[in-house]
1. Consider only pairs whose beta carbons are under 7 Å apart and that are at least six residues apart or on different chains; among these, list those whose first residue lies in the range A:522-549 and is more than 14 Å from every other protein chain (Cβ to nearest Cβ) and in contact (Cβ under 8 Å) with a residue 40 or more places away in the chain and whose second residue is in a helix (DSSP H, G or I) and of a type in the set (A, V, I, L, M).
2. When the range A:110-121 is examined, which residues are found to be open to solvent by 50 Å² or more (accessible area, probe 1.4 Å) and either without any contact (Cβ under 8 Å) to a residue 40 or more places away in the chain or in a loop (DSSP other than H, G, I, E, B) (or both)?
3. Output the residue which, of all residues in the range A:502-513 that are open to solvent by 20 Å² or more (accessible area, probe 1.4 Å) and of a type outside the set (S, T, N, Q), is nearest to B:R3 (Cα to Cα).
4. So which of B:V180, B:V162, B:V150 ends up being touching a residue at least 60 places away in the same chain (Cβ under 8 Å), under 30 Å from A:D548 (Cα atoms) and assigned by TED's automatic domain parsing to the domain that holds B:L223?
5. Can B:L102 be described as under 27 Å from B:L140 (Cα atoms), open to solvent by 30 Å² or more (accessible area, probe 1.4 Å) and aliphatic (A, V, I, L, M)?
6. Filter the range B:4-25 down to the residues that are in a strand (DSSP E or B) and surrounded by fewer than 19 Cβ atoms within 10 Å (Cβ to Cβ) and list them by number.
7. Could you grab me the full set of residues in the range A:183-224 that are acidic (D, E) and either in contact with a strand residue (DSSP E or B) (Cβ under 7 Å, 6 or more places away or on another chain) or within 7 Å of another protein chain (Cβ to nearest Cβ) (or both)?
8. May I ask you to list the residues in the range B:337-362 that are over 29 Å from the mean Cα position of the chain (by Cα) and either crowded, with 16+ Cβ neighbours inside 10 Å or outside the structural domain of B:V321 (by TED's automatic domain parsing) (or both)?
2 protein chains.
Amino acid sequence: MYRTNTCGELRIASVGQNVTLAGWVQRIRKMGGMTFVDLRDRYGITQIVFNEETDADLCGRANKLGREFVIQVQGTVAERSSKNSNIPTGDVELIAKDLVVLHTSDVPPFTIKDNSDGGDDIRMQYRYLDLRRNTVRENLELRHKIALEVRNFLNEHQFLEVETPVLIKSTPEGARDFVVPSRMNPGEFYALPQSPQLFKQLLMVAGFDRYFQIAKCFRDEDLRADRQPEFTQIDCEMSFVEQEDVIEMFEGMIKHIFKMVKGVEFYDPFPRMTWHECMRLYGSDKPDMRFGMTFVELKDLTEGRNFSIFDSVNFVVGICVSGCASYTRKQLDGLTDFVKRSQIGAKGLVYVKYEQDGSFKSSVDKFYSQDDLKLWAERFGAKPGDLMLILCGDDANKTRKQMCELRLEMGERLGLRDRNIFAPLWVVDFPLFEWSEEDQRFYAMHHPFTSPKLEDVQYLDSDPGRVRANAYDLAMNGVELGGGSIRIHDSELQNKMFELLGFTPEQTEDQFGFLMDAFRYGAPPHGGLAFGLDRVTSMLAGLDSIRDCIAFPKNNSGRDVMNDSPSKIADAQLDELCLKIDLDKINNK
Amino acid sequence: MYRTNTCGELRIASVGQNVTLAGWVQRIRKMGGMTFVDLRDRYGITQIVFNEETDADLCGRANKLGREFVIQVQGTVAERSSKNSNIPTGDVELIAKDLVVLHTSDVPPFTIKDNSDGGDDIRMQYRYLDLRRNTVRENLELRHKIALEVRNFLNEHQFLEVETPVLIKSTPEGARDFVVPSRMNPGEFYALPQSPQLFKQLLMVAGFDRYFQIAKCFRDEDLRADRQPEFTQIDCEMSFVEQEDVIEMFEGMIKHIFKMVKGVEFYDPFPRMTWHECMRLYGSDKPDMRFGMTFVELKDLTEGRNFSIFDSVNFVVGICVSGCASYTRKQLDGLTDFVKRSQIGAKGLVYVKYEQDGSFKSSVDKFYSQDDLKLWAERFGAKPGDLMLILCGDDANKTRKQMCELRLEMGERLGLRDRNIFAPLWVVDFPLFEWSEEDQRFYAMHHPFTSPKLEDVQYLDSDPGRVRANAYDLAMNGVELGGGSIRIHDSELQNKMFELLGFTPEQTEDQFGFLMDAFRYGAPPHGGLAFGLDRVTSMLAGLDSIRDCIAFPKNNSGRDVMNDSPSKIADAQLDELCLKIDLDKINNK
């Protein structure tokens, strides 16, 4: 037995007890004849006291300890004369009687403190030290709690967690698969799942009724801050349900998690908005609802005043920023620079200040009279002191996306994006298809198994872009936490979908034949959704990136810098797999 | 809303209610003017009644239903005149008022009944239909419950579930890795984890103190009935522990699972036995403790009687089978054939019958007197009526393994291997190394991170075979449910181990350098274990193979016959990965 108690356990009631603690040396201070060691483990910090007077040898050994040494200390709990009210163990200290060094430590490359991380590269290289910091560990504790609450909630609602395979069949639709060569089937490959989609649908055909799985998923995509090659989904599916049933169930789950893990209660139903309305008002399918500044369209009010920039485009849109009429020239130039950044790509920014005296001052005063601008202000619902910011363009949705960025930036500047406020929104009625200008074809906006709305099936051939799906996303604070759909459970309609998406009957049979076969034996109506566990966790932890709620994340090149993987493998391994590496292919890319 | 109730929910108290059910047609019977449909879902079966007299049209439509059609029925709950006490809903029936066919069904390739599965091949091809059978679904429900109880138990004991990566670094020690080519790092590969071993040790270095994960693991090995290329481990690790702490914690977990999931309580501590003792008494490191028949060694009693077969070998071992002296010649010949099978490989079998009259009858009567055999019987502790079965050989452990098979066979024949009895055993003091005759070198018996016993460290160089490890397995009913060890947490000793296992310093640095680095910053003493979730589930479900507690298992060639994977992938995919397939390599193997 290495310890009788943890470093977070001792209290005033423990005074007089003989205990043994073990942990890491956080800090050593010498004061007069006393040496104080802060001993740390996952559960807390306890102060250890070595007294030179009572045991000079022991104290001498304590003085030789270094930061991050692993030690075991036996002693008596005593009340502290100067208490530390910042930590739960702050009323007591341990008067050491014996000390064992279990492991020494080199000087760590950064100190193990909440606010000292040595920068991203070194943190990732020494991730095992980074994980010792409370801030990082707490994110993973939160993740653990969320997963546990999800499981208990779903179990109580008759969901069964079923593990689906990780070595599956490769299907080219969607993102790029990671593949795994099969030694026993030379020349053939498994794929790693992008999601358990087909298997969960098969489980519905199998009558499992309510399925979930907290499942690792894999996408071989070029990475961004909030993307990892492997990520974790809370994947769910239900039979004999309509959209309303699914939304109700999982709104309940999200409310449960927030209450149990964060103490946040949502008393009202989550608001809902159609995809088209989201795009019109926020320029995003995952709007940040913590603040207003909804879009106002102005094209009709801007015409006929010889302002060629507005006259020459189809679309003029603005937001009203409350109380910012006092913005300086420099601040406004800053905003113009912001929207002109290549990531956003606007040509310029028009502003109108609604001055406190009721007059207007704008960057387009040459073209628009005070009466013109008053009409604009009325449409914005602006008050004296407000600032109106206006963008224009030919492509309405492109311009909306630019305005969305500007809106988020203004929300950020005004402190309206408080991490302790959570604003959920169900986005519904997504389009079934998305047109790709590049490929000149329609793609499934969610995936090919999404059911169209019954009343829109008539447009599948004549006007596919008009068809709405029984698909829904849950957005929160500008982040898509999850989404899903009612699925097609009819082979005929499913075949029609594959056809519209450009699959030949042979491709359909080869890739999805087993699902089509399964449907032939009685498929129930079914639907579901998936939440990103990484995203849900980073939302609750108040993080910007998902990386810090993942124990061992990869960098933007898909590398684990700690163990330097991926790496070369032995020729013998390649031979067994009947594979050759041909790096010339890079040059031909 | 497709249904108001499930098919397992209605009771006598529901009589008179208007309800809507949905599910699969299990069975249709016509009796006079009535049509009875058994409607099935995951929760049960409810009898639906269509009455020709009250609604001929509706009844006509019901008569056209087929097995496995998915239907929705609205009606009134009524008390049944002839009740069925075999099912919980057997007191009531639903008098149908409306019927909607949600999906038709082809005639399934086998009927969806507990005892009708159409054989293994067709079950796997139509796994989604096989999963509709109660017997199969119940295994997966059990698996769900076990996983949930494991998580709740470990959470209550301060374990954190941490997800470790699935795309990791390939390390050649141990079984063969599955590898994943990296597109972003051409010519390099990830491996899929054989276990999260290194990551869980890093989490201990990171101070996580108590970790667990129900994790998918992967081994590219040739498959057997109880092996799958992907399998699931309950993987656990603790800091500041000795072997006793680990055993106590996880004995508690296993007891908890059995109690909560199966209602089985173990009141006593699990028995323990050293590995050497297990081998001596049972010829196995996972003995079936549901019955006795422990081995008895006889060599000294058999000498000097000119029986050359015994005289020419080093080792003679037997078991005493209670009450089987009456075995016929044919039965004894059957046992001889059994031990001579190539999988077992014994040369022959000697028997001694202890007759009811106190005399002995044996296959070696020519060489041994009644007095000789009486001495044998005394050593066996045999009584009149017992049968002694004896094998011999030069290699004691090889002979013991043969005897182990015979012992299990006799246990089976005598009905001593009752699936409702659970006999756990901690096997402790495993050897640290295992000698490979084939490779003429030592291998780590568990893995290279296992700690030797302190008192045996002195033999590491001089007599490695003698060194015992702080390693332990939990066996039950002849199955290894799990195992683990106290780990080395000292870089020097760890380096010594790598050296003894034949790693060059360069190999050690390349493959395990990051772990050695981690140890330099203060590693706590730690240890843990892993249970096979598939094996624990099949033990509790009373299954012979792990396959039926896996939703979508692979066959012995690693194939999923349902979706015919693994499969060929597109040339474009190979090009992106800088890979070429070279099937000629098969021929060179």
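The values are calculated or read from the model by the stated rules, or taken from the named source; none is laboratory data. The shown structure was predicted, so the numbers you read here are calculated from the model rather than taken from an experiment. Cβ: placed from backbone, ideal geometry, glycine included. Neighbour counts: every protein chain shown. Remember, those area values only see protein heavy atoms, side chains included, never the ligands or the DNA or RNA. Shrake-Rupley method; radii C 1.70, N 1.55, O 1.52, S 1.80 Å.
1. As it stands, the answer is A:G528/A:V246; A:L529/A:V246; A:L540/A:L142; A:L540/A:I146; A:L540/A:V261; A:A541/A:L142, since those pairs meet every condition given.
2. Residues of the range A:110-121 open to solvent by 50 Å² or more (accessible area, probe 1.4 Å): A:113-115, A:117-118, A:120-121.
Of everything in the range A:110-121, those that are open to solvent by 50 Å² or more (accessible area, probe 1.4 Å) and either without any contact (Cβ under 8 Å) to a residue 40 or more places away in the chain or in a loop (DSSP other than H, G, I, E, B) (or both) turn out to be A:K113, A:D114, A:N115, A:D117, A:G118, A:D120.
3. A:E509
4. B:V150
5. yes
6. Of everything in the range B:4-25, those that are in a strand (DSSP E or B) and surrounded by fewer than 19 Cβ atoms within 10 Å (Cβ to Cβ) turn out to be B:N18, B:V19, B:T20.
7. A:E188, A:D209, A:D220
8. B:L349, B:V350, B:Y351, B:V352, B:K353, B:Y354, B:F360, B:S362, listed by residue number.
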